[in-house]
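Enquirer: Okay, handing you the structure first.
The values are calculated or read from the model by the stated rules, or taken from the named source; none is laboratory data. Because the structure is predicted, anything quoted here is derived from the model rather than measured. Positions of Cβ are backbone-derived with ideal geometry, glycine not excepted, and every protein chain shown enters the neighbour counts. The area values use the complete protein model at the heavy-atom level, side chains included, leaving out ligands, DNA and RNA. Shrake-Rupley method; radii C 1.70, N 1.55, O 1.52, S 1.80 Å.
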Amino acid sequence: MKRWVCWNHKQFCLGKVELKILFVFSSLFRFKDSRMEDVWLVDFYAPWCGYCKKLEPIWQEVGAELTRSGSPVRVGKMDGTAYSGVASEFGVRGYPTIKLLKGELAYNYKGPRTKDDIIEFANRVAGPAVRSLPSRQMFEHVLKRHSVLFLYVGGESPLKEKYTEVASELIVCTYFFSASEDVLPESVALHELPSVVVFKDGTYFTYDEYEDGSLSSWVNRERFQSYLPIDGFTLYELGETGNTALPCSCFLLCLTASCSFRLKGLIQRVATEHRDQFNRDFQFGHMEGNDYINSLIMGEVSVPSIIILNTSNEQYFPLQRQQIHSLDSLLIRLCPCDSRQAFGGDGFFQRIKRVAYDARSTIMSVFRSSPLLGCFLFGLPLGVISLMCYGICMAESDDDTELMKRDGFTDEEEEEGEEEEQQRLTAGAEGEEDEDAEKIEQKSPTEKKVD
């Protein structure tokens, strides 16, 4: 069944059916009214964008899956280049951009562009900011499904109002729940109510306003497991949080299939057993391979390697793996980052260097994967530029020749004129010498003697 929606000539794709809607003022106003009641998941795309084309089949699967599951979320797409006014209204800066429109709010999706991740985002944000857990069975079920779970325990209070505000802001990142005290198992003992608790790493931690600061920064810090697999998206999330509680931000271990499990085990022990000491300064994790780190530091990193990375300014601090042979040696070397020599960064010259490195890496990868394609992509523009420069130089020469012809001269005529002028000057000088000789001969002997 086709569902028709009109929004200023906008183009939407609902499920697997793509519809081009004409401009109808009456339908426009009806849609604006219904938009406040419905939830829309919209993909802003550009026809020339390669990433948008790669997202197209995934987006069709997302629409079909949400329709089959009976989700209230309506899936659509819009050409942001054709309707730049609407794209600008929703803060679209690049393509593709996925936004969930919920009433007057617009939530931006920044996760991996996979079907499961997009659907999970849509279902999470489309629901209430804080979900209630009415029973212990429901609490245990939700706890098994989520590696990190935030829970408000208690009745109405100013803390609950803050919790709801933070949930409305960070619902794009994680789930938020509320429950009464009798829902919790007996193993969970809270010293006071109301409280905000996070369950992760097989245990739980309680929010303390005096020790942990603002609730928003605490949630931003605690929404990651103490030790987790890290990829480029996770590093992006860490950098986007703007969390001042993560001054050194991330602790990395680059791994391959034949990695050193001893180092990994040491880092896991630090993350769990020494949480109180390092939780405010570090996020621990491991990364498979070294491709991302190589591009970040613009060099080659051996595997396995241990690197402290500051995601806020892209500085990094390498640790000597040979010097880390026990838990105590690792703890000694986790000193504050400001006492170490920092490499990299996001300064002006470092950015120029990164642009040059990225360009070089792109060109090398193209030539390695397809030499003929590389020659065509880079040789053709160079040939065109060379022809243009040659044409410009020849055009200037032709203009000079035309100007000389217009003045009645050519190069040969100009040379002949210069020779004739030289001959006239030479003849004039010889004539003056002859006149002086004749005057001397005509003088009397007395005048000659005087001379």
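Enquirer: Please report the net charge: other residues with Cβ closer than 11 Å to the Cβ of Asp117, K and R +1, D and E -1. List each step's numbers first, then the result.
Expert: Working: positive: Lys110, Arg113, Lys115, Arg124; negative: Asp116, Glu120.
Result for the neighbourhood of Asp117: +2.
Enquirer: Under the rule of at least 5 residues apart or a separate chain, name every residue whose amide H is placed under 5 Å from the amide H of Gly345.
Expert: Gln315, Tyr316
Enquirer: Accessible area per residue for segment 23-126 in Å², computed with a 1.4 Å probe and the full protein assembly in place, what is it? Don't skip to the end; give the middle numbers.
Expert: Numbers: 5240 Å² over 104 residues.
Per residue, segment 23-126 has an accessible area of 50 Å².
Enquirer: Take the eigenvalues of the Cα gyration tensor for segment 131-222, scale each by 5, and report the square roots as semi-axes in whole Å, largest first.
Expert: 18, 15, 13
Enquirer: May I pose another question? Which percent of the accessible area of segment 23-126 is formed by carbon and sulfur heavy atoms (probe 1.4 angstrom)? Please list the in-between numbers first.
Expert: Working: 2680 of 5240 Å².
Solvent-exposed carbon and sulfur of segment 23-126 make up 51 percent of the total.
Enquirer: May I ask you to derive the FRET efficiency for Arg262 and Glu156 from their Cβ-Cβ distance with R0 = 41 Å, giving the value to the nearest 0.05?
Expert: Working: r = 51 Å, r/R0 = 1.24.
Plugging the Cβ-Cβ distance into 1/(1 + (r/R0)^6) gives 0.20.
Enquirer: Considering only protein heavy atoms and a 1.4 Å probe, what is the carbon-and-sulfur percentage of the accessible area of segment 131-222?
Expert: Carbon with sulfur: 48 percent of the solvent-accessible area.
Enquirer: If R0 is 56 Å, what FRET efficiency do you get for His191 and Phe343 from their C-beta distance, rounded to 0.05?
Expert: Using R0 = 56 Å, I get an efficiency of 0.80.
Enquirer: Taking a threshold of 19 Å on the Cα-Cα distance, which of the pairs Lys115/Lys200; Lys77/Lys110; Lys77/Lys102; Lys144/Lys264; Lys115/Lys144; Lys162/Lys200 fall above it?
Expert: Pairs exceeding the cut-off: Lys115/Lys200; Lys144/Lys264; Lys115/Lys144; Lys162/Lys200.
Enquirer: Segment 23-126: percent of C-alpha pairs farther apart than 19 Å?
Expert: Looking at segment 23-126, the distances longer than 19 Å represent 43 percent of pairs.
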